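Below is one structure; the comments refer to it alone.
The values are calculated or read from the model by the stated rules, or taken from the named source; none is laboratory data. Everything quoted here is computed from the prediction, not taken from an experiment. FYI the Cβ positions are ideal-geometry reconstructions off the backbone, even for glycines, and counts take in every protein chain you see. Areas reflect the complete protein model, heavy atoms only, side chains present, ligands, DNA and RNA absent. Shrake-Rupley method; radii C 1.70, N 1.55, O 1.52, S 1.80 Å.
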Amino acid sequence: MDNLKEWKKQQRQQLIAARESVAEDLHRQWSGAISAFLKQGLAQPQHMTIGIYWPFRGEYDPRPLAAHFLQRGAALALPEVAEKNKPLCFREWLPDMPMKAGAYGIPVPDSSPIVRLDAVIIPMVGFDPQGYRLGYGSGYYDRTLATYEHQPLTIGVAFELQRLPDIHPQAHDISMNFVITEAGIFQTREHHLFPALTLQNSRSDSQRQ
């Protein structure tokens, strides 16, 4: 595609605007469905460290799931941009711990331990039928995942209105193991998204993709 960078910039603007314009009750309904699928998919999170995120510009909010996962023996972590154009640091997070303002004004844990992830829930600006993610363009998640010898389970979350026919992935792009929208759980297999019931039983299969 000619001028892919400009095309992606336009797609980001349109998709973020569409997401931010979703009516509050509809956003709540879709978010509730995604939360239910995350609970279903990660039904046995014991001893897992799960990366989540602080929502930004109309994104699905994973924070209400914190108590659910913590009560079931998981640890949670939030990303921090420690240095521009470097991998993210994921710091352990509990809902009542002290926070500070991080990059883009997004709150991050204040001096909690840096942890390695078993699974990471990743916000998507857009996604395609191959399981590739359109992000904000800074590449932080790609750089972070590249630091892992054994990849964490990657779970992209978005609303169906953010689905694109093709994001034209480049060599450095990493497809999600799973995508969750208000319509269900989808697993990436052979460069296509297929409906799935769980995130964990198929974990080893997804990590071979």
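A few remarks follow.
- Counted residues, the range 151-185 - those being part of a strand (DSSP E or B) and either surrounded by 22 or more Cβ atoms within 10 Å (Cβ to Cβ) or among the aliphatic types (A, V, I, L, M) (or both): 10
- Given (1) over 11 Å from the mean Cα position of the chain (by Cα); (2) under 23 Å from Ile34 (Cα atoms), index of the condition Ala146 fails: (2)
- Yes/no for Leu117 being open to solvent by 30 Å² or more (accessible area, probe 1.4 Å), farther than 24 Å from Glu6 by Cβ, in contact (Cβ under 8 Å) with a residue 24 or more places away in the chain and not in a helix (DSSP H, G or I): no
- Residue pairs whose Cβ atoms lie under 9 Å apart, separated by 6 or more positions or on different chains, with the first residue in the range 1-25 and within 17 Å of Asp61 (Cα to Cα) and in contact (Cβ under 8 Å) with a residue 40 or more places away in the chain and the second in a helix (DSSP H, G or I) and of a type in the set (Phe, Trp, Tyr), are Val22/Trp30.
- Restricting attention to the range 32-47, the residues that are surrounded by 14 or more Cβ atoms within 10 Å (Cβ to Cβ) and out of contact with any helix residue (DSSP H, G or I) (no Cβ under 8 Å at 6 or more places or on another chain) total 5.
- Boolean, Arg19 is in contact with a helix residue (DSSP H, G or I) (Cβ under 9 Å, 6 or more places away or on another chain) and either closer than 19 Å to Phe159 by Cα or open to solvent by 30 Å² or more (accessible area, probe 1.4 Å) (or both): yes
- Criterion: closer than 25 Å to Gln40 by Cα, touching a residue at least 24 places away in the same chain (Cβ under 8 Å) and under 17 Å from the mean Cα position of the chain (by Cα) - qualifying residue of Tyr132, Tyr140: Tyr132
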